[in-house]
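Written out below as structure tokens is the structure these notes cover.
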């Protein structure tokens, strides 16, 4: 065999192997980029930033739950029981407001009949650059309409194990992950005072007073306006339920000891004032409910609460408990500051 013929055979075999790999990935489609699942196969849903766009594109729904890990333990079935309709969960661990906006915007583009959006307003993300994500290596090729860069998907050697995982998952008799189970971590954590305090390093008290600078205020305003307010104003037929997650008293103690409590309250107050400019936004805060925040049995660390709190949040929002309005938000945040400024933090350590 001469060299020329050998080269043709090698090139042909290589091209054939790549084509076969691409076809297998496209047909099985482990990240649901092209369809909502091949008939007869069952899909493990656990790669949010890789599968969320496929779910948003191809699933049937009229409501979405998105946001950070504070929302991953929500059960769409419970939301549907309270509001009706059909809800999907499109959460991302550590999502910035920018990432949440992008998720909501894409879902609205794919499903213009969406009625409800539930999303967390994480206090740790309020004073954050408006256009910045918290996740590096984002699979941008999933989130655009350019079919040519999909080569990063169907010719990606790291995707092949995911494709095989679908086959093994199906062979083992499993069912496609439900929306209640998707992203859910609540059953796999420990809770209680010992668990929380083991992860909580109490910082030394600071005498220096901290305050929001004008740059901070401008950043907060831009972050909230560009990522949430404008999105709501552009979609007046959608109701946005936005809530500040009820962090534990440990979070508030750390702020109080470092003289950052007033700063945090002011940041959340600015965010609230901006969001209340839209009639289709409902803003909720549960910080005054110290039966939740002061009971460390509800928490796995200083911020993250158990799924029973997610269930309670849904009920409270449905009943308008914790709703902030133009008439009460100023008084509310003043009360939150007062409660945690004078809170007896020794109580939860006994």
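Here are some notes:
- CD proxy at 222 nm, helix term only [per DSSP H run n ≥ 4: -39500 (n - 2.57); per residue of the chain; nearest 500]: -13000 deg cm²/dmol
- By the Kirkwood approach, averaging reciprocal distances over each pair of separate Cα atoms, the chain gets a hydrodynamic radius of 22.2 Å.
- The length gained by stretching the chain between residue 41 and residue 160 to full extension, at 0.36 nm per residue less their Cα-Cα distance, is 41.3 nm.
- Put simply, when 288-300, 44-56 are sorted by average Cβ atoms within 10 angstrom per residue, most first, you get 44-56, 288-300.
- Prolate/oblate/rounded call for the range 190-350, Cα gyration tensor, a/c under 1.5 rounded: oblate
- Spacing of the modelled spin labels on residue 105 and residue 58, each 7 Å from Cα toward Cβ, amounts to 2.5 nm.
- Beta-bridge orientation, the chain: approximately 15 percent antiparallel, per DSSP, counting only bridges with both partners inside.
- Of the peptides 87-96, 308-317, the ranking by mean beta-carbon count within 10 Å, highest at the top, reads 87-96, 308-317.
- Principal-axis analysis of the Cα atoms of the chain puts helix 3-28 at an angle of about 40° to the longest axis.
- Separation in nanometres of the label points that stand 7 Å from Cα toward Cβ, at residue 222 and residue 319: 4.2 nm
- Fewest-first sequence of 171, 57 by Cβ atoms within 10 Å of each Cβ: 171, 57
- Placing a pseudo-label 7 Å from each Cα along the Cα-to-Cβ vector at residue 187 and residue 174 gives an inter-label distance of 1.3 nm.
- Net length available on complete extension from residue 131 to residue 208 is 24.7 nm, with 0.36 nm assigned per residue and the Cα-Cα distance removed.
- Relative to the longest principal axis of the Cα atoms of the chain, the long axis of helix 48-58 lies at roughly 70 degrees.
- With respect to the chain, whose longest principal axis is taken over its alpha-carbon atoms, helix 97-110 is tilted by about 50°.
FYI, it's all coordinate maths here, none of it is from the lab. Since this is a predicted model, take the numbers as computed values, not measurements. We place every Cβ from the backbone using ideal geometry, glycine too, and count neighbours over all the protein chains shown.
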